[in-house]
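**Q** After the structure tokens below, expect a handful of questions from me.
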Amino acid sequence: MGLETGAYESLTVDISDRVAQVTLIGPGKGNAMGPAFWAEMPEAFAELDADREVRAIVLTGSGKNFSYGLDLPAMGGTLSDVLSGGASARPRAEFHATVLRMQGAISAVADCRTPTIASVHGWCIGGGVDLISAVDIRYASADAKFSVREIKLAMVADVGSLARLPLILNDGHLRELALTGKDIDAARAEKIGLVNDVYDDAEASLAAAHRTAAEIAANPPLTVAGVKDVLDQQRIARVSESLRYVAAWNSAFLPSKDLTEGITATFEKRPPNFTGD
């Protein structure tokens, strides 16, 4: 797609005609979000935001899916440390710092001064929903499926969904997604306002994202930045407060037998048996 910027493990960046395309590439299955993702997203978006020639950013996933969300095999050590720490303060404090760092990777997208557009196809699960909640505009292909699935692992979503989706969705729709962990298809996502429009396939969705990006890029850049800044000001304090609260909540209450059961059941591909312990 033109000039390739940066050398990353979890994403590629291609720039053409004042529009950058950021494509998730894994390396986890289904573009799952492992250590490289959480480290590289702030760097990549800071670089793009500093490039005055980039006036819009399209975010998509490679292969058949947008993202499976958190890469549990790759990130399992982070969870096992806090689980094995018992009542000790140090692992909880270290986990709190990790959550804040991971929040920063998603906030790098939300705080980017350059308008962002997501094109979603296939699965968009957990951290994938966190990520698209941070962009300005969302499109999807007809095969897209969405799930705020953290509750199925006995986790409270803590890197953006519960902070930003209240600004996107009706409260009842959000609570239904977050409390059930259910999957919804693209038609449902469009109906409740999670995505702006649905297209026949991934190619059509991506093409629509690039058309909108080109429209934005053709507008006066300082004015575009002003519009985005004014709109963003209405949510900054609310989102920041929610992110701080959930980071502290999970640091205190995430370690549980149910979390161990949720992770174990996922790896064993069986229904979990939660006891509330």
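**Q** Roughly how large, in nm² to one decimal, is the mean projection of the convex hull of the alpha-carbon atoms in the range 1-138?
**A** 8.2
**Q** Efficiency by 1/(1 + (r/R0)^6): what FRET value for Ile168 and Ala248, r their Cβ-Cβ distance, R0 = 25 Å, to the nearest 0.05?
**A** That gives a FRET efficiency of 0.60.
**Q** What are the ³J(HN,Hα) values, in whole Hz, obtained from phi via the Karplus relation 6.51 cos²θ - 1.76 cosθ + 1.60 with θ = phi - 60°, for each residue of the range 110-120 in sequence order, with x given for Gly and Pro?
**A** Once rounded to whole Hz, the list reads 4, 8, 4, 6, 8, x, 10, 9, 9, 10, 10.
**Q** Starting from the Cα of Lys257, draw a straight line to each of the aspartates and glutamates and keep only those under 15 Å, dropping any in the same chain fewer than 8 residues away.
**A** Asp81, Asp277
**Q** How charged is the neighbourhood of Lys29? Take every other residue with its Cβ under 13 Å from the Cβ of Lys29, and add Lys/Arg as +1 and Asp/Glu as -1.
**A** Around Lys29, the charge tally is 0.
**Q** With the Cα gyration tensor of the range 92-135 giving a ≥ b ≥ c as the square roots of its eigenvalues, does the rule (a/c under 1.5 for rounded; else a/b larger than b/c for prolate; else oblate) give rounded, prolate or oblate?
**A** Oblate shape, in that a/c is at least 1.5 and b/c is the bigger or equal ratio.
**Q** Right, next: Mean shadow of the chain, computed from the convex hull of its alpha carbons, in nm²?
**A** Reported value for the Cα convex hull: 13.8 nm².
**Q** Which FRET efficiency value, to the nearest 0.05, do you get for Glu94 and Val156 by plugging their Cβ-Cβ distance into 1/(1 + (r/R0)^6) with R0 = 22 Å?
**A** The computed FRET efficiency comes out at 0.75.
**Q** If we count every other residue with Cβ under 11 angstrom of Leu131's Cβ, Lys/Arg +1 and Asp/Glu -1, where does the sum land?
**A** +1
**Q** If you don't mind, there's one more thing I want to ask. Can you give the accessible area per residue of the chain, in Å², using a 1.4 Å probe?
**A** It amounts to 47 Å² per residue over the chain.
**Q** Pick from Val239, Val120, Val230: which is most flexible by mean-square fluctuation in a GNM of the chain where alpha carbon atoms under 10 Å apart are linked?
**A** Val230
**Q** Under a Cβ-Cβ cut-off of 12 Å, what is the net charge of the residues other than Ala50 that fall near it, where Lys and Arg count +1 and Asp and Glu count -1?
**A** Charge balance in the 12 Å sphere: -3.
**Q** Just how far, in whole angstrom, is the range 111-144 from the range 157-186 if you go by their alpha carbon centroids?
**A** One Cα centre to the other: 13 Å.
**Q** What FRET efficiency comes out for Arg175 versus Glu9 if R0 is 51 angstrom and r is the Cβ-Cβ distance? Round to the nearest 0.05.
**A** The pair Arg175/Glu9 has a calculated efficiency of 0.90.
**Q** Sort largest first and round to whole Å: the equivalent ellipsoid semi-axes of the range 113-225, each the square root of five times a Cα gyration tensor eigenvalue.
**A** 25, 17, 11
The values are calculated or read from the model by the stated rules, or taken from the named source; none is laboratory data. Every value quoted in this text rests on a predicted model; they were computed, and no experiment measured them. Quick reminder, even Gly has a Cβ in these numbers, built from the backbone with ideal geometry, and neighbours come from all protein chains shown. Protein only, heavy atoms only, side chains kept; ligands, DNA and RNA dropped before computing areas. Shrake-Rupley method; radii C 1.70, N 1.55, O 1.52, S 1.80 Å.
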